[in-house]
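Okay, structure first, notes after.
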2 protein chains.
Amino acid sequence: MRRFSRVAIVGTGLIGGSFGAALARADLAHVRIGYSPADGERALALGLIDVLTPDLATAVAGADLVVLAAPVSVNAALMAQLAIHLEPQALVTDLSSVKGPVVRAAAAALGAALGRYVPSHPIAGAELSGPAAAAADLFDGRTVILSPLRGTDTRALARIEALWQALGARPQQLDVDSHDRLYAAISHWPHVVAFALAATTAQAIEDEQGGAERAAALVGPGLRDTTRIAKADAELWADILLANAGPVANCADAFAHQLERVRDALACADRERLVRVLEAAAHWRRSLE
Amino acid sequence: MRRFSRVAIVGTGLIGGSFGAALARADLAHVRIGYSPADGERALALGLIDVLTPDLATAVAGADLVVLAAPVSVNAALMAQLAIHLEPQALVTDLSSVKGPVVRAAAAALGAALGRYVPSHPIAGAELSGPAAAAADLFDGRTVILSPLRGTDTRALARIEALWQALGARPQQLDVDSHDRLYAAISHWPHVVAFALAATTAQAIEDEQGGAERAAALVGPGLRDTTRIAKADAELWADILLANAGPVANCADAFAHQLERVRDALACADRERLVRVLEAAAHWRRSLE
């Protein structure tokens, strides 16, 4: 595919930084200009961007591709300012894990440029964050959800799709509402569960007079896997959960129902029913491999 | 340490089979005799045991070490029959992940032999099961909880402790009740959570007309980690949960309270409180590394 001349990367943490690294690996950007008040200098030092600017206008002016890789609420909040400085032919994408608020902000702010905005969500990252964790291969083999709007320009969509393929990812399309419902279930609610489970176990070990060292010796590989994503950045996840609060609340209810099925079979000591409930879940999970 | 002349391994799945393989690696058994109606032939073919018998009495008679590695309810149920055939100087251990029911069965059945029974729980295994998954290095570097009773013979305890060390594990002592409370929180309840979470996500993906193939493309590394233990054997886990139902129900209540804290902060859109709740959990989880 054709190289971009100037790519603005807004937010250079794990996702934005990896995007910059992947662009360089594929030789798809003449210049990568970063805007990232929190961690831009570290990203520059790591070579994830070529130039750092303390000013969004400078990043966006002259860019033929603008990539929003800040937390979801920041991506949404920056749309209005972005719109002022955007070049007439520039493409825009965001990498947020919640699409609704960003898409609504884009629809309100971008005007004629809305057709060249293609929402993206790369399914990668897990519990790490920050530019130090960024890697050029983060998207290799990973699904990227593209959520084009009714008015999205087909050439803009095709170019963003080809870009993701060139970065090693596998684009799939999903409308905005389906995306936010599905990723509430696939990612956002599981994070709540992992955080709550870690808190529950921490309390139980403390109740038995166990500190951090004791806990590390007692806890096996199972709980480590189950709570790995609870190491994630709390600020970032608060932001995601608040941005997708409705679908997340629906998952909470569905999950409460599933827990109740297990608790009820246990309370009745109904082994057959318990096995049936557990086996249905195990069967689905095995089918994921 | 001194080699055992004849070790009876009752149950030759992942844990019993690995115990057999680890014994051979350390050259600690002259003969390993297996009793395992379900999977003994496979374990024999894999070299996890030297001899297979269809009869518990034959396995136990002449053994100087008896290792119960069947599901927890089976280990408890076999104590009475075991007692009949046990040699006067034989050591007994069980590898169950719930100790209460096995210890109570032992106390009722073993009589004078109770002093030579040392309950063990190796913290290893996660989601795999069966002799095909067994490995001589399964216990390497892993904690093994020993739960001696008031009347446990100190030489028996020392010998079982030395045995685990020779098999590569790190023995720690914990009384039976603390063990069952702690492992309800560290292992049993997290399995319920993983099963329920897998069921919730499966339903959400089905609601969006997604089958197994779609799910595999949409689901990222986070949920795969969080639900990995939900691939575990449903029969085995129903058995464990029923054997430790009281402590598991207490964990369910504690977990519901933790979930409620997150849901409440989300419902109030109280970002500061939400970050505080998530960060406390994240901090503990990071301290586990």
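The table that follows gives values for the structure above.
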{"read-out": "Some residue of region B:195-217 being away from chain A (no Cβ under 14 Å) and among the polar types (S, T, N, Q)", "value": "no"}
{"read-out": "Checklist (1) in contact (Cβ under 8 Å) with a residue 60 or more places away in the chain; (2) under 23 Å from the mean Cα position of the chain (by Cα) applied to A:V102, failing item", "value": "(1)"}
{"read-out": "Contacts under 9 angstrom Cβ, first residue in region A:47-65 being farther than 19 Å from A:E87 by Cα, partner among the polar types (S, T, N, Q) and in a helix (DSSP H, G or I), 6 or more apart", "value": "A:L48/A:S18"}
{"read-out": "Residue match in region B:228-247 (condition: touching a helix residue (DSSP H, G or I) at 6+ places or on another chain (Cβ under 9 Å), without any contact (Cβ under 8 Å) to a residue 60 or more places away in the chain and closer than 21 Å to A:A238 by Cβ)", "value": "no"}
{"read-out": "Test set (1) free of Cβ contacts under 8 Å to residues at least 40 places away in the same chain; (2) in a loop (DSSP other than H, G, I, E, B); (3) in contact with a helix residue (DSSP H, G or I) (Cβ under 7 Å, 6 or more places away or on another chain); (4) not polar (S, T, N, Q) - B:A38 fails condition number", "value": "(3)"}
{"read-out": "Any strands (runs of 3 or more DSSP E) falling wholly within region A:56-165 and containing at least 2 residues that are more than 26 Å from B:A282 (Cα to Cα)", "value": "A:65-68, A:91-94, A:143-146"}
{"read-out": "Residue ID - farthest from A:A215 (Cα to Cα), chosen from residues in region B:83-95 that are without any contact (Cβ under 8 Å) to a residue 60 or more places away in the chain and surrounded by 21 or more Cβ atoms within 10 Å (Cβ to Cβ)", "value": "B:L86"}
{"read-out": "Residue match in region B:13-22 (condition: assigned by TED's automatic domain parsing to the domain that holds B:R155 and either surrounded by fewer than 20 Cβ atoms within 10 Å (Cβ to Cβ) or without any contact (Cβ under 8 Å) to a residue 60 or more places away in the chain (or both))", "value": "no"}
{"read-out": "Residue match in region B:110-126 (condition: surrounded by fewer than 16 Cβ atoms within 10 Å (Cβ to Cβ), in contact with a Leu (Cβ under 8 Å, 6 or more places away or on another chain) and either in contact (Cβ under 8 Å) with a residue 60 or more places away in the chain or in the same structural domain as B:L78 (by TED's automatic domain parsing) (or both))", "value": "no"}
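The values are calculated or read from the model by the stated rules, or taken from the named source; none is laboratory data. None of these values were measured; they are calculated from a predicted model. Note that each Cβ is placed from the backbone with ideal geometry, even for glycine, and that neighbours are counted across all protein chains shown.
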